[in-house]
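Engineer: This is the structure I want to talk about, given as structure tokens.
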Amino acid sequence: MKVFDIPSEIEDKLFEIKHNSDKSILKIISYFPLSELERKTVVSLLNQDNFSEFYSIFTDIITEDEWNKTKNQIKKRFQNELFDIDPK
């Protein structure tokens, strides 16, 4: 269930949205850092004016073209690596 409507082009870049017990957004994790405009868009939709808890898995800054060309491969590889983790 969505708490707020994120534009699909931004939602596609998100790995996870963590919530507080009161359903407010605690943390947003993207694959790569979101642009300033993307972050502002998300904050404006959240109704949490001081929200700044944006994190990314990778630190590289990539272009929209790079993301669109590689996103499926990146998502699949990342998910495969998560499943390969062996709990001890």
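Engineer: With everything on Cα atoms, drop me the angle between helix 36-46 and the longest principal axis of the chain, reported from 0 to 90° to the nearest 10.
Structural biologist: That helix lies at roughly 60 degrees to the long axis.
Engineer: Just want the answer: with Cβ charges of +1 for Lys and Arg and -1 for Asp and Glu, which residue in Asn50, Leu37, Ile25 is farthest toward the dipole's positive end in the chain?
Structural biologist: Ile25
Engineer: Sticking with this structure for a sec: At 0.36 nm per residue, and after removing the present C-alpha to C-alpha distance, how many nm does the segment from Ser44 to Glu16 gain when stretched out fully?
Structural biologist: Length gained, Ser44 through Glu16: 8.2 nm.
Engineer: In the structure shown, do any of Lys18/Lys71; Lys40/Lys76; Lys18/Lys69; Lys27/Lys69; Lys40/Lys69; Lys23/Lys71 have a Cα-Cα gap over 23 Å, and if so which?
Structural biologist: Going by Cα-Cα distance, Lys40/Lys76; Lys18/Lys69; Lys27/Lys69; Lys40/Lys69; Lys23/Lys71 fall outside the 23 Å limit.
Engineer: Can you work out ³J(HN,Hα) from phi for every residue in the range 13-19, in order, using Karplus 6.51 cos²θ - 1.76 cosθ + 1.60 and θ = phi - 60°, giving whole Hz and x for Gly and Pro?
Structural biologist: Here the 3J(HN,Hα) series is 8, 8, 8, 7, 10, 9, 10 Hz.
Engineer: Turning to a different aspect of this structure: Name the longest site-free stretch of the chain, where the excluded sites are chymotrypsin sites (Phe, Trp or Tyr not before Pro) in a DSSP loop with no more than 13 other beta-carbon atoms within 10 Å.
Structural biologist: The longest uninterrupted stretch comes out as 5-57.
Engineer: Mind putting a number on the dipole of the chain about its Cα centre? Charges go on the C-beta only, +1 for Lys and Arg and -1 for Asp and Glu, and I need it in Debye to the nearest 20.
Structural biologist: The calculation lands at about 240 debye.
Engineer: Ok, one more. On a full-extension model of 0.36 nm per residue, what is the gain between Ser24 and Trp67, subtracting their alpha-carbon distance, rounded to one decimal in nm?
Structural biologist: 12.6 nm
Engineer: Dividing the Cα radius of gyration by the Kirkwood radius, what Rg/Rh value follows for the chain?
Structural biologist: So for the chain, dividing Rg by the Kirkwood Rh gives 0.99.
Engineer: Separate question: Considering only DSSP beta bridges where both residues belong to the chain, give the percentage that are antiparallel (nearest 5).
Structural biologist: Just about 60 percent of them are antiparallel.
Engineer: What residues qualify as long-range amide H neighbours of Phe15, i.e. H under 5 Å apart, gap of 5 or more or another chain, H built at 1.01 Å from N?
Structural biologist: Ile29, Ser30, Tyr31
Engineer: Suppose only helical runs count, i.e. DSSP H with n ≥ 4. What mean residue ellipticity at 222 nm does that imply for the chain under -39500 (n - 2.57) per run, divided by all residues and rounded to the nearest 500 deg cm²/dmol?
Structural biologist: Computed mean residue ellipticity for the chain: -12000 deg cm²/dmol.
Read the figures in this text as sums done on the coordinates, not as results from a lab. All of these numbers come straight from a predicted model, not from anything done at the bench. Virtual Cβ from ideal backbone geometry, glycine too; neighbours counted across all protein chains shown.
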